[in-house]
Structures are given as C-alpha cells and as structure tokens.
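Participant: Quick one: the structure is below, and I'll ask about it shortly.
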Amino acid sequence: QATATLSNTIIANSPGGDNCFGSFTDGSGNLVWGDATCPGINADPKLGPLGNNGGSTQTFALLSGSAAIDAGDDAICAAAPVNNQSQNGVTRPQGAHCDIGAFEYVAPTILSLTLKSSGAQDGWILESTETSNKGGTLDKTATTFNLGDDALDKQYRALLHFDTSTLPD
C-alpha cells in the first residue's frame, strides 16, 4: 500500500466520518478537523462555502479566526508548484506565515477617518415648546452638545458641520 505525504493541507468535514483512510505521512503544515485519522493540527478551519473567491478555480475561503491562518509551512508555500501563490490568486504570505490550504486569507482593511468640524456652523438648537417641533434657542458657541429632552420635555438637536468633499463616493 502506498503512503501519501500531506503538506499544508486542510482535511475536514468528511461526510463518512473518517477524513483519512490509508497510510499518510505528515509533511508539515496540515490541519485536520472532525476526527484524528489524519496527521496535523486538530482544529476548526472555519471554512466558507465552496465558491469563486478569486483565481481560476473555486476554493473554500478561510473565515476570520480560522486555525489555518498564518499556520502553514512557509518553505512549502515558497517551493514549486505553489511558488508563493494561492489558488485564489493572492501572493503568499499575507501575514506572519502562509496559510494552510489553497486559500490565502487577506485581512479586511479598516479605514480610519478624522474630520475637523467647522466650528462656526456647529451648535445645538432647543425646541421652542414641548410640541412645537420648531427651533427656539440656538447656541453656536457651546463646547458640548445637548441631545434629547430637557426638563420641560423640549427637544435638543445637535448640529455638526464638516467638509465632505474629501470623502470617497
């Protein structure tokens, strides 16, 4: 009987229960889930559904928090036929190490934006009476904003004014 060597491979969720049947050698960087019949780390790979995730073939995307992220063997990823390229068309590695499996996870980019208000246009408006729905008192010099009801159930509305021309569509 032949022995197969597994390297940077995810084996998970076999409908029959046993993921591996036969003789396998651990070539490094493997992840198995559902049973311990295969060599490698036993952890949930957190796979998305099979689909078009980029590249020329369908893949199972690694979801955030997957044990496969940054857990692969970099030497195996660099060697042929992988050549630091995942099946989803991403250069490897994207993190500290390449990911286990065909898919290389790319962490979402978190954008941060700081806008300075135009102070001359900022302030709050206080409704003239409880049920009027009309502005009464205006304060453009306040350093704090009041929102909601005051003690007489009059509504405060706050105004912030800033230039949005630099925001992307």
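Participant: In nanometres, what is the gap between the two model label sites at D44 and L138, each 7 Å from Cα along Cα-to-Cβ?
Facilitator: Result for the modelled spin labels: 5.6 nm.
Participant: What aspartates and glutamates could a cross-link reach from K154, if we take a straight Cα to Cα line under 18 Å and drop same-chain neighbours fewer than 8 places away?
Facilitator: E127, E130, D139
Participant: Relative contact order of region 1-65, please, whole-number percent, based on alpha carbon pairs below 8 angstrom and at least 6 residues apart.
Facilitator: Working: 125 pairs, mean separation 15.8, N = 65.
In percent, rounded to a whole number, it is 24.
Participant: Continuing with the same structure: May I ask you to order 73-79, 87-93 by the average number of other C-beta atoms within 10 Å around their residues, highest value first? Write out the running numbers ahead of the final one.
Facilitator: Working: 73-79: 15.4, 87-93: 17.4.
Going from most to least packed, we get 87-93, 73-79.
Participant: May I pose another question? If packing is taken as the average count of other Cβ atoms within 10 Å, what order do 63-69, 6-12, 30-36, 20-26 fall into, highest mean first?
Facilitator: Numbers: 63-69: 18.0, 6-12: 22.7, 30-36: 19.7, 20-26: 12.7.
The densest-packed peptide leads the list: 6-12, 30-36, 63-69, 20-26.
Participant: What net charge is computed for the residues neighbouring A43, neighbours being all others with C-beta under 14 Å from the C-beta of A43, Lys and Arg scored +1, Asp and Glu -1?
Facilitator: With Lys, Arg at +1 and Asp, Glu at -1, the neighbours total -3.
Participant: How high is the relative contact order of region 1-114, given as a whole-number percent (alpha carbon pairs under 8 Å, six or more residues apart)? Each step should come with its number before you reach the end.
Facilitator: Details: 252 pairs, mean separation 23.9, N = 114.
Over region 1-114, the number comes to 21 percent.
Participant: In the neighborhood of C98, defined by Cβ-to-Cβ distances under 13 Å, what is the net charge if each Lys or Arg adds +1 and each Asp or Glu adds -1?
Facilitator: Values: positive: R92; negative: D70, D73, D74, D99, E104.
Here the charged neighbours net out to -4.
Participant: Tell me whether region 35-94 comes out rounded, prolate or oblate; compute the Cα gyration tensor, take square roots of the eigenvalues as a ≥ b ≥ c, and use a/c under 1.5 as the rounded threshold.
Facilitator: oblate
Participant: Another question, if that's okay. Residue separation times 0.36 nm, minus the C-alpha to C-alpha distance between T5 and T129: what's the value? Numbers along the way, then the final one.
Facilitator: Values: separation 124, 0.36 × 124 = 44.64 nm, distance 7.90 nm.
Contour length minus Cα-Cα distance gives 36.7 nm.
Read-outs throughout are calculated quantities, based only on the coordinates presented, and are distinct from any laboratory measurement. For clarity, every value in this text was computed on a predicted model and none was experimentally measured. Counting neighbours? That spans all protein chains shown, and the Cβs are built from the backbone with ideal geometry, glycine included.
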